[in-house]
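The values are calculated or read from the model by the stated rules, or taken from the named source; none is laboratory data. Computed from a predicted model, the values in this text were never measured in an experiment. Virtual Cβ from ideal backbone geometry, glycine too; neighbours counted across all protein chains shown.
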């Protein structure tokens, strides 16, 4: 079992454990299962995706792209590429991620108008992803080693956990809460708080579907609770275990996309 798409919406919403020995084991079990379900379904996968970006004035922008993903190890190293097709100003832009374990992920953005491959630095990982309310880090996920965690509460239907960064100066949040649904063991809501304890950013899962036996988030939303506006992410035509070759996940594919693997019916 290996990672599904970003839905991203982000491993940062899953990275939770506990402070005491007993609580840590319990929380770690929850997190590992949720992470496998949300990000590790099948050996590889493909999806068409659409982002609808709404600003504080209600104006909207659309982003359409195809995601290809292949896992090297369960819950670990992963290759991911995002190929943009619409609108014209982002067409042929490509985002590449090599997800690492216990170290910063490697991220690149190919800008076709400049024929430039730009490396995304670790310091930029929590900045806007192509003008949306998603961050670059939301795409590939946040390293579990960066935060401390605890279970806040549990009901018959869900777990609520808290994540606190070990190095607060490296991130804009003071802590975050995540709700994990017990039926699917998927994160369904995450809220980020600032130093004053005010919620300023929120992720919500709007739809879950079972695809090839895997519960999969197919519609989610991230909202700016201070400035207003939000971005919805919709996933369509998701397929797992399609046999993606390793050669796709290379710098060459940034300039020469693997068209045969990107042909998806869109509507």
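Of the residues screened, residue 215 is one that is touching a residue at least 40 places away in the same chain (Cβ under 8 Å), in contact with a strand residue (DSSP E or B) (Cβ under 6 Å, 6 or more places away or on another chain) and surrounded by 17 or more Cβ atoms within 10 Å (Cβ to Cβ). Apart from one condition, residue 238 fits all of (1) farther than 26 Å from residue 127 by Cα; (2) surrounded by fewer than 19 Cβ atoms within 10 Å (Cβ to Cβ); the exception is (2). Of the candidates 150, 137, the single residue that is buried (at least 16 other Cβ atoms within 10 Å of the Cβ) and not in a strand (DSSP E or B) is 137. Just to verify a result, which residue in the stretch 88-107, among those that are in a strand (DSSP E or B) and modelled with pLDDT of 95 or more, is surrounded by the fewest Cβ atoms within 10 Å (Cβ to Cβ)? Among them, the one singled out is 94. Look at (1) touching a helix residue (DSSP H, G or I) at 6+ places or on another chain (Cβ under 7 Å); (2) within 18 Å of residue 62 (Cα to Cα) and you find that residue 229 fails only one, number (1). The number of residues in the stretch 159-177 that are closer than 29 Å to residue 106 by Cβ, touching a helix residue (DSSP H, G or I) at 6+ places or on another chain (Cβ under 7 Å) and touching a residue at least 40 places away in the same chain (Cβ under 8 Å) comes to 1.
Screening residue 12 against (1) surrounded by 16 or more Cβ atoms within 10 Å (Cβ to Cβ); (2) at pLDDT below 50; (3) in a loop (DSSP other than H, G, I, E, B) leaves a single unmet condition, (3).
Checked against the criterion of being more than 25 Å from residue 234 (Cα to Cα), touching a helix residue (DSSP H, G or I) at 6+ places or on another chain (Cβ under 9 Å) and in a loop (DSSP other than H, G, I, E, B), the candidates 195, 156 yield just one match: 195. Scanning the stretch 108-117 for residues that are closer than 20 Å to residue 258 by Cα and either outside any strand (DSSP E or B) or more than 20 Å from the chain's Cα centre (by Cα) (or both) gives 111, 112, 113, 115, 116, 117.
Could you tell me whether residue 119 is free of Cβ contacts under 8 Å to residues at least 40 places away in the same chain, surrounded by fewer than 14 Cβ atoms within 10 Å (Cβ to Cβ) and farther than 23 Å from residue 61 by Cβ? Against the criterion (free of Cβ contacts under 8 Å to residues at least 40 places away in the same chain, surrounded by fewer than 14 Cβ atoms within 10 Å (Cβ to Cβ) and farther than 23 Å from residue 61 by Cβ), residue 119 qualifies. Of the numbered criteria (1) surrounded by fewer than 19 Cβ atoms within 10 Å (Cβ to Cβ); (2) in contact (Cβ under 8 Å) with a residue 12 or more places away in the chain; (3) assigned to a helix (DSSP H, G or I), the one residue 247 fails is (2).
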